[in-house]
Structures are given as structure tokens and as C-alpha cells.
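Participant: Below you'll find the structure I mean.
Laboratory data are not the source of any read-out in this text; all were calculated from the coordinates shown. Remember, it's a predicted structure, so these values are computed and weren't measured experimentally. Every residue, glycine among them, receives a Cβ derived from its backbone with ideal geometry; neighbour counts consider all protein chains shown.
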Amino acid sequence: MPYASSHKATTAPHSKNAASANATIDQQRNTQRENPTQQAIKQAVDFLLEQLAADKSETLSTYLAAMARFHKYSFGNIMAIARQRPTATHVAGFHTWKELGRFVKRGEKGIQIFAPMMGKRRTKDDNNQRSKQDDNAKAAPVLIGFRAVYVFDYTQTEGAELPEMEHSINGEVGEHRNRLIAFLDSQNIALEYSEEIAPALGVSYGGRIALLPGQQKAEEFTTLVHELAHELLHKTERRTGTTTTMRETEAEAVAFIVGQAIGLEMGTASSDYIQMYAGNAELLTESLHVIQQTSALILDAIQPRSDAQANQSFAEVA
């Protein structure tokens, strides 16, 4: 009988299991304390779920827009910025703004993000005799934790105007299309045009993308990004853990972020995006994370070098 078999267990294993469980809980608590970015992500996702439960789907658009504007930042810091100041466009630290000829306005509250702390973590054996070569190898910098830092949005500062802030593509894809096609080539993804895929605008086949000819340039560009997102996200083992709806909305979110980042008018993100998660914060976090990583990868590939350098000046903390 099940009860009899479980009843045979002695108190010793039970105590051991309890101790193990307590150790696991303590370990989780220590991990959360050591990695505050995870706490920031959880707070941002919980807030997003609350807003969506209240039919405030514009919060999702805010988060995706933040991924477009701050793709040089880490996922955790993007979520923290979007949570604290949804209207932020360009952020930098107090001293960076000063170097750019701008100054934080009196009374402005900073946006808290987290910067990595690098150091040299040594083992107990480091005091033993060893060669200088071994010493140099062990002295390599490692991540030892995070510290809270504060950045300020452009609107929280005043002073010299920044020319790069006025740059806008106004709905034109420009050279971004050529760079996107070059990126496809670097990923060994073939591009072709076919009338046979109609009414679909694009189809991803795994190593090959087909587009419907005759699309407007902006529409073709976002369609291509959508299908590229499928190639990068959904032609791997991850596909088995996703549904069709989830895959389509992830690809659409990537297209939204990339399109908005280069200046296209993308409208708002669909409020249907959240429905597949049914309040599952873990699943939503994982999905938003891969969306951010994929869109950042594409933007890094298609962004002009001058724009990349300008954006990097703001991304002083990743």
C-alpha cells in the first residue's frame, strides 16, 4: 500500500530532506540578494501582468518600445527603466550628461538600474606556491556582484542640444534593408520572392525565407524581420516548448521593436500578446527575454556604425 511504503521511512532521511530543502531556500534567497537584477525583472513583469489584467495593454507597448530604444542595455535594466519611467528616450548617468554639456535638473529623481562589479576572486589555494603565469591566469576579472546606480532621462536634463537626438528615418527603411539582407547572408539564410505563398506576406522554412513580391518597402522590411525572428528563435529545439500563437507573437514583437528602433510607424503592440500566458510570470519573462535578445542582435547588425557609436555613449551601464 502506498501509505505502508511511505510509513517505512525513518526520521533520519526526513531530517536530511528538510535540511536540504532549507538549504535550497537559503540558496535561493542568497541568489536573489546577490543578483538584484532578477528582483528588478520580477517587479517589472509582475507590474506588467497587473496592468494587462486591468486591460491596460499599452504597458506592453511601453516595454517593447523600451527594448527598441535601449537595446544596448541588459534585459534587466531595460525592464527597470520601462517600469520606473515609461516615457524615457535616452538615459545616461549624471557625469555622462555633464560631459555632453547637459545637467540634471534640480529635484529630478534618478532611474535605478544595476551595474556589474568586476573583481578578482581567488581560491584558498591562491596562497600556495605557483608560477607567475598561473597567477596571471587566476587574476582575470570576474563578476562578483551588482551595485545600484542611477541614470537620468534626456527630459530630466537641460543644456546643450544633442544633434543625434534629432535623427529620424520618418518611415523610410533606407540602408537598413541592405544591411538586413547582408545579415541574413551571414546567417546562411537564403532569401527569395514567390507569388505562391499568398496570401501570406512571408514564410520561414528553416534556412530559407520567402517573401511575397510587391510589398511596400516598410511592410517588406518588417515582414522580413518577422520571418528572421522565426529563423533565429523557432527553428531550434526551443520550438518544441512553444505554441503556434506564442511563436507568431514573439516574431511580431521582434518586428515591432526593430521597426520602431529605425523610425518606422509601428502602431501599438497587440493586447492579444499577453493572453497566451494566462498570468504565468515565468513564461512571460522567458519570452520577453528572448524577444529582447533577438531584436538587439538584429539591430546591432543593421545599425549604421555612426549610430551605434552614438548609442553606445548612452549605454554606459549594461
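Participant: Starting with the fewest neighbours, write out R238, R177, R106, R147 ranked by other beta-carbon atoms found within 10 Å of each beta-carbon.
Facilitator: Ranking R238, R177, R106, R147 by Cβ neighbours within 10 Å, fewest first, gives R106, R147, R238, R177.
Participant: Of I41, I111, how do they rank once you tally other Cβ atoms within 10 Å and put the fewest first?
Facilitator: I111, I41
Participant: Just the Cα atoms of the stretch 168-304: what Rg and Dmax do they give in Å?
Facilitator: Just the Cα atoms of the stretch 168-304 yield Rg and Dmax of 14.5, 41 Å.
Participant: Still on this structure, I have one more. By count of other Cβ within 10 Å, fewest leading, how are F94, F70 ordered? The partial results should precede the final answer.
Facilitator: On the way: F94 15, F70 26.
Ordered from fewest to most neighbouring Cβ atoms within 10 Å, F94, F70 come out as F94, F70.
Participant: Nearest 0.05, what FRET efficiency do R147 and L283 give at R0 = 35 Å with Cβ-Cβ as r? Provide the component values of the computation, followed by the final result.
Facilitator: Values: r = 30 Å, r/R0 = 0.86.
The value I calculate is 0.70.
Participant: On the Cα set of the stretch 209-249, report Rg and Dmax in Å, please.
Facilitator: Rg then Dmax for the stretch 209-249, in Å: 11.8, 35.
Participant: Beyond 20 Å, how much of the Cα-Cα pair distribution for the stretch 40-100 remains, as a whole percent?
Facilitator: Distances greater than 20 Å cover 28 percent of the Cα pairs.
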